[in-house]
Structures are given as structure tokens and as C-alpha cells.
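Accompanying notes for the structure given below.
Where a number appears in this text, it was derived from the coordinates with a stated rule and is not lab data. In this text, all values refer to a predicted model and were calculated from it rather than measured experimentally. No Cβ is skipped: glycine too gets one built from the backbone with ideal geometry, and neighbour counts run over all protein chains shown.
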Amino acid sequence: MQTFIVTTCALLLSISVALYYLLTTTEILGYVKIAYESRHDSVSLSAIQKEALRRRQPLVPPFIDLDREYAIAPKYNLSICRIKKSMSTLMSGISCVLFDTDTFLRLNRSITETWSRRFCANKNEYSRIGEVKWRMGAARANFTKIAVVRNPISRFVSFFINKCIQEAAKFPNRKQCYDCQGDVKCFLERQYKRFMKLASGAARFKPGYEDKHASPLSWNCEFNRHLNEYKLVKLESDPARRQNGLNDLLKLFREQNVPNSTIDYIRKNAMEKATPHSTFSSSEKKRILKLIADDRAIRDYLRRIYYLDFIIFDFDARQLDD
């Protein structure tokens, strides 16, 4: 099934990029609906093309190779791809525990410590699967690839609060999030245009800080070539909803012969501690979710950017419905 989706979305990429040049000469107004027979079966490219031409608004294409961060644990034949704002801080800590358990515990490090203070910085981290294979040694032929994915809207809200409100206020001179001053629609309008330029391969247009943190899930982990090889885990930051995803993750670790004592340590600390950038309980989260529910234009932009993530990674997209 994943092979079909990759092939189908690759075709969609070529259509969308071609449409970009044709359709973005006027102000961005409408949105493109994606027509599909079943979430699990097929995507109707002809319907997408027809609607795109009518609305003058293609979806952001999938499977652009924008960002990739890998952390490895050769002892257990594991490679974990960290996707920004998809529990990446927690996954950084967990991968470090697996990489050097004894030293990590002896020094009383935390799996939720900040990114800048992470214990394994530059020790088990790589940026290409080819490099990971080389570093895995004898396990290079059959190591397990894991990626944690998060509901695209939950991920966007977490990104926006952390980067466009909290960090933007802390570092005003950076004019972070395109100086939109916490305005969700302002940011989405600008970010959508940037994603389309990046997808088109526009000369000298380089991805920035916001691009990498807000990018579609499918733009990460070299999914464009390796999606079928991954074991995907859905994990949320809210502790009330984190347990099921964590159970799935720990099951994968158990299959790789990670000791029960290490698994118990990860379970306890992942459930009891919040990461420094956690936003699941903030009042801003409630405010932004209400904006999404009330503002059709905001939902339209979210649909344009993230709808294919809902399809590819099998999330429920009903919160984007009108």
C-alpha cells in the first residue's frame, strides 16, 4: 500500500509543481480539494488537477527531501529519524539512552533535556541514511528504521506556539515567523508560498528555520525514497494520549532486544516528564485550536499544506472539514 502511495504522490508532485508556475500569478484565494476513493486505497489525480485548475490553488507537493536527522543505537540495530516538532526532543533523549545507557544513567542525564544540552550531541547523529548505513557496521544490511509522526495539526500548533509566539517574543530582533506578530493566517499565507517555491526548485531559494520546523511530515527522513522501510509510530505530547504511541514504540525496542530495565526507565521518564518546549497544556494552544475551528481561511491553508500528510500517514483529517 505504501508503495502505491509513494508512486501516486510522486505523480502528484510533478503535477503540482507544473501548476505552481501556471497558477500563482494571481492572489492566492481558494483551496484544492483532494478526491480519493478511500484513504487506504487511492488518490484521484485527475480530480486534483481539475480542482486545482478551477481554484487556482494546488496542494503543497509531498516527498520533497528537505530535512533529515538520524540518531543511531548500533547495539540494537536501530536508527531513529527525528522530525522537528514530532516529539524530537524526547526522541533525542531516548536514542541517547539506547546509544550509551550506562554513561547516560551514571551521569544522571534526562531524556527530556533541552536540545542545546543533549548528551549525545554529535555522538550518534547523522544527516543521511547512507551515512547511517556506514556507521551501523555489520548491521548495515538489516537495521530497523523508526520515525515518530504526529497529527499534522497538533504538530503545527506546537510549532506555532513555540517558534512564532514564545521564541519570537524572546528574540524580537530575529523577526521570527516572517514578523507576523503571532498572526496565524499571516504566517500560513507566507509559509505556503515558501513551500511552493521550495517544491518548485526555485533557484537560490534556500530553506530556512521556519521551513524546516513547519514542513510537511513527508518532507523529512528521506521518505521520498525510504518510506516503505520505516516503522512509523504515532506519538502525541499530551500525556493523556501519549501512552498508546509509547507502548508501540517500546514494543519495537523490545523486538530489538533492548533490556526490560532500559525500557522501564524510558517508559517512566517519558510519561512523567514534559520536555522544555512542551505546549500541550498552554492557554495559547486552546486559543489557536479555536482559531482553526472558527476561521475557514486558516483551515484552507492548513489543508493546502498538510492534507497529504493526513493521507500518507493515515491521520483523521476531519478537523480540516468545513
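Before moving on, here are some points about what is shown:
- The listed peptides 205-212, 224-231, ordered by packing as a protection proxy, come out as 224-231, 205-212 (highest mean of other Cβ atoms within 10 Å first).
- Highest average packing first - 102-108, 66-72, Cβ atoms within 10 Å: 66-72, 102-108
- 3J(HN,Hα) couplings calculated from phi for the range 107-123 with the Karplus curve 6.51 cos²θ - 1.76 cosθ + 1.60 (θ = phi - 60°) are, in sequence order, 8, 6, 7, 10, 6, 10, 5, 4, 4, 5, 9, 4, 5, 9, 3, 6, 9 Hz; Gly and Pro show x.
- Our coupling estimate for the range 83-93, obtained by passing each phi through the Karplus curve with A = 6.51, B = -1.76, C = 1.60 and θ = phi - 60°, is 9, 4, 6, 10, 6, 5, 5, 4, 5, 5, x Hz, Gly and Pro reported as x.
- Derived scalar couplings between HN and Hα for the range 305-316 equal 7, 10, 4, 5, 4, 4, 6, 4, 9, 6, 9, 7 Hz in order, rounded to whole Hz, by the Karplus curve 6.51 cos²θ - 1.76 cosθ + 1.60 (θ = phi - 60°), x for Gly and Pro.
- Cβ crowding within 10 Å averaged over residues, with 143-152, 191-200 ranked highest first: 143-152, 191-200
- Anchor residue 212: lysines whose Cα lies under 16 Å away (excluding residues fewer than 8 positions away in-chain): 84, 85, 163, 193, 197
- Residue 134-residue 251 pseudo-label distance in nm [points 7 Å out on the Cα-to-Cβ vector]: 3.6
- Value in Å of the Kirkwood radius, where the range 65-187 supplies the Cα pairs that are averaged: 16.0
- The range 104-138 and the range 166-241 have Cα centres spaced 23 Å apart.
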